[in-house]
Amino acid sequence: MTMVHIATKAISRKAGQSAVASAAYRAGDVLDDAKYGKTHDYSKKSGVMSSDIVLPFSLKALGVSVDRETLWNTAEAAETRSDSRVAREWLINLPYELDEYDRHQLAINFAQKLCDDMDVIADVCIHRPVMKLPFDPNVPPSSKYLREGEENPDPRNFHAHILVTTRAPTIGPNKTLAFDPKLKTPFEWSNKKRKAHDLPSSMQEIKRIREMWVDTANKVLAEYHLPLMDARSYKDQGLDQQPTIKMGVEATAMERRGITTEKGNTNRAIKARNNLVADNHIKQEADNERRISALRKGLAWATEKNARLPGRIGDTKRRADFAKHLSGSSEYYITYCTEQNNRTAIRVDDTKRCIEDTKSGVAWAAKRCENLPKRCDDTKQRINDTKQAIEGITEAIGKSNIEINKATERSARPAPNPFDDNARRARAARLDRQEGRIDRDTRANRFKDERIFEYVERMKLHLAMRLIQRHRDGMAIRWAQGETAQDAPDKFDQRQVALLNEFAKHHGIEDHDKAVEFTAHLRQVAKRFDHTLVENNKAIIKLLRDPNAEREQYLALTKHFTDFRDNIDQKRTAFNSSIIDKLGGSAGEVGRMTRDTMSSFSYIEELMDYINQDNCPAEARDVAREHLADTLDKTCQQFKLALREVNSLPTTQRKTYSEALKATLETFTEQYGKDLSESQHKALQGGLESYKHQVNKTHSPSRGFSL
């Protein structure tokens, strides 16, 4: 949120103040004070960016114009009391996020609203923070150098002093300006008089003007998508924050010199307390988010269970109906079972009778087996006799076969067998062995393929998990907590996360699909890692599998440019040091930026030559292109800041550095103007306008003519 600061105070003769002197100081101008017979000369005051007189539209329509000296001398002359309020000042803090032109327009627009709302004339002076040079014990005390232990003001402190009249303006003869002593503006009335005229109190009126300032500023901030202001107090915003107290000029100056004050200690204690409350609030918000997430998960689980409940109730009803159906048809089964039991009893009786018959048969067989050994011996004798007879017959048959074979050979030779049984059996056995080996190899390959498939599926799930969780602390290096690539080599660095973001965006892969459960979403992403995607994105797959190896390879490829950049940086530093004496001295920060712009030509040319070399690694040339873009942007910003501050240098250095800056800017725009972006051109133009404004102000101080 942009800071809101608007304050008002009266310029009063009772406090020894003069409207003419106050206007001259705030505008950095030279004004003659007719009432006191003095000349107030603040033309050497630094930090004044612009000074304008703003008239209400009622006077603009009449073609009235007035200069600063006439305005405030006329305002002084209209007051007759020794304790009169001769002017009122509104101090507003301008958003530092806006550029110089937008800040100026914002201050003028708000002053115009004040003039039309209160019927007054405004003198608008915009100040910037005046930055002093660092403390140097070898330099005599000067307003341009910090004292020992002193600090510079906040560089974001751009503010506007809006000095308004306390009486409504009138038109005199020849359209001259005048103020009616009886026409004091209602804002300067007492609360008693305001109440009598049905007007709100002064405090309520200040709050109304504060809201008017916030509304005016927010319209401009919204156009640039910047954080908006909030006119409400911390209490009205519901924030447990305590506002700091006003330091004042004296306490602020003492604190900048390193002297602690009671107000400073109080504000430091308030800031420490606010930071502690903010940290506790952040922790509480994180706890609340975790509780809400747990409750949402529980609610989703309960909702899913409730969604399944009607189906389960239906299943239960179907089971109950089936049980009723079984109960109705059980009589038939009971009758059937009873008949089977009766038949079983009859079968048992039959089995008992069979057992008795078997016992009788066993007894009969035992009686018959008593003579069995004798009969076995007789049978053996008959078998031996039979064997001897068979042997005699066999011998006779053998002799007959020999004679028959001889006769057969003599009569005719047998035809050869066309089939070789031994070869056929060997061939069949060999084929069986080959078939068995093929079956074993097939089973082994199938098992191996299944294992490979399972490994591939697990690897795809692993890659998908690392891709969709790349932003989490377990996957990405926590730079905010001081973690480095050496501490967590297996985590992704910022460059790698950016590459994975681009890959996921190109392939339409969501980090988390809220409409799908995480496991289902993980499997969907894993299916995307098919053969085509892996072949076309080998570098990304390698990055997902081993971030450290990819990082080391990238650093090895870009080391060529890193060494080249270190070399040209050394050359640039040596050149900048060699031209310090020619320019009349170092001239602090302004001199350093000026010398950087002068050496930027050779630096940029060497970068371009490196980018055009085909023998350099492609990754190194990509890094060189990024460094070239950063160098151009940095050079434009250096031109802007150096042109803005060059007039604050001592007289002996101002001329040489100004001429060097102008000549360098002309050459830089001619050579690289077509390569610069709109914002870079705007930076160069803003710096040049600031330089011209300072030069014009130094040679011819403005008298603040009205707009």
Need pairs with beta-carbon distance below 8 Å; first residue in contact (Cβ under 8 Å) with a residue 12 or more places away in the chain and part of a helix (DSSP H, G or I) and within region 609-621, second open to solvent by less than 50 Å² (accessible area, probe 1.4 Å) and basic (K, R); sequence gap 6+ or separate chains. Y610/R621; I611/R621
Residues located in region 1-41, provided they are in contact with a Phe, Trp or Tyr (Cβ under 8 Å, 6 or more places away or on another chain) and farther than 30 Å from A217 by Cα: S18, V30, L31, H40
Do any residues in region 277-291 that are in contact (Cβ under 8 Å) with a residue 12 or more places away in the chain and under 11 Å from D240 (Cβ atoms) have Cβ atoms under 6 Å from those of residues that are of a type in the set (D, E) and not in a helix (DSSP H, G or I), where the two are at least six apart or on different chains, and which pairs are they? V277/D240
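Based on this model, can you work out whether Y36 counts as farther than 26 Å from P95 by Cβ and exposed (fewer than 15 other Cβ atoms within 10 Å of the Cβ)?
Working: farther than 26 Å from P95 by Cβ: yes; exposed (fewer than 15 other Cβ atoms within 10 Å of the Cβ): yes.
Spelling it out, Y36 is indeed farther than 26 Å from P95 by Cβ and exposed (fewer than 15 other Cβ atoms within 10 Å of the Cβ).
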Restricting to region 515-534, name every residue that is part of a helix (DSSP H, G or I), within 28 Å of A300 (Cβ to Cβ) and free of Cβ contacts under 8 Å to residues at least 24 places away in the same chain. F518, T519, A520, Q524
How many residues does region 267-323 contain that are open to solvent by less than 90 Å² (accessible area, probe 1.4 Å), under 27 Å from the mean Cα position of the chain (by Cα) and among the hydrophobic types (A, V, I, L, M, F, W, C)? 5
Looking only at region 148-157, decide whether some residue is assigned to a strand (DSSP E or B) and either of a type in the set (A, V, I, L, M, F, W, C) or at pLDDT 80 or above (or both). no
Criterion violated by H471 - all others in (1) in a helix (DSSP H, G or I); (2) modelled with pLDDT of 80 or more satisfied: (1)
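Out of S690, S679, report the one residue that is exposed (fewer than 13 other Cβ atoms within 10 Å of the Cβ) and assigned to a helix (DSSP H, G or I).
Criteria check complete, one pass: S679.
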Single residue of region 158-194 satisfying the filter (assigned to a loop (DSSP other than H, G, I, E, B) and exposed (fewer than 15 other Cβ atoms within 10 Å of the Cβ)) that is modelled with the highest pLDDT: S190
Go over the candidates R273, R318 one by one and state the one that is more than 30 Å from P134 (Cα to Cα), in a helix (DSSP H, G or I) and modelled with pLDDT of 80 or more. R273
Can you tell me how many residues in region 574-603 are closer than 22 Å to D675 by Cβ, among the hydrophobic types (A, V, I, L, M, F, W, C) and at pLDDT 90 or above? 2
Qualifying positions in region 9-27 - open to solvent by less than 40 Å² (accessible area, probe 1.4 Å) and of a type in the set (S, T, N, Q): S12, S18, S22
Quick one: in region 618-643, which of the residues that are open to solvent by 40 Å² or more (accessible area, probe 1.4 Å) and of a type outside the set (D, E, K, R) is farthest from A683 (Cα to Cα)? A618
Which residue pairs have Cβ atoms closer than 9 Å, lie 6 or more positions apart in sequence or on different chains, and pair a first residue in region 117-143 that is of a type in the set (F, W, Y) with a second residue that is outside any loop (DSSP other than H, G, I, E, B)? F135/Y145
Residue check: is S65 open to solvent by 70 Å² or more (accessible area, probe 1.4 Å), of a type in the set (G, A, S) and closer than 23 Å to L177 by Cα? yes
Within region 195-218, track down each residue that is in contact with a Leu (Cβ under 9 Å, 6 or more places away or on another chain) and loosely packed, with under 13 Cβ neighbours inside 10 Å. none
Looking at region 227-254, which of its residues are touching a Ser or Thr at 6+ places or on another chain (Cβ under 6 Å) and either open to solvent by 80 Å² or more (accessible area, probe 1.4 Å) or not in a loop (DSSP other than H, G, I, E, B) (or both)? A251, M254
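The values are calculated or read from the model by the stated rules, or taken from the named source; none is laboratory data. Predicted model only: the values in this text are computed from it and were never measured. Backbone-built Cβ (ideal geometry, glycine too); neighbour counts: all protein chains shown. Side chains included, ligands, DNA and RNA excluded: accessible areas come from the protein's heavy atoms. Shrake-Rupley method; radii C 1.70, N 1.55, O 1.52, S 1.80 Å.
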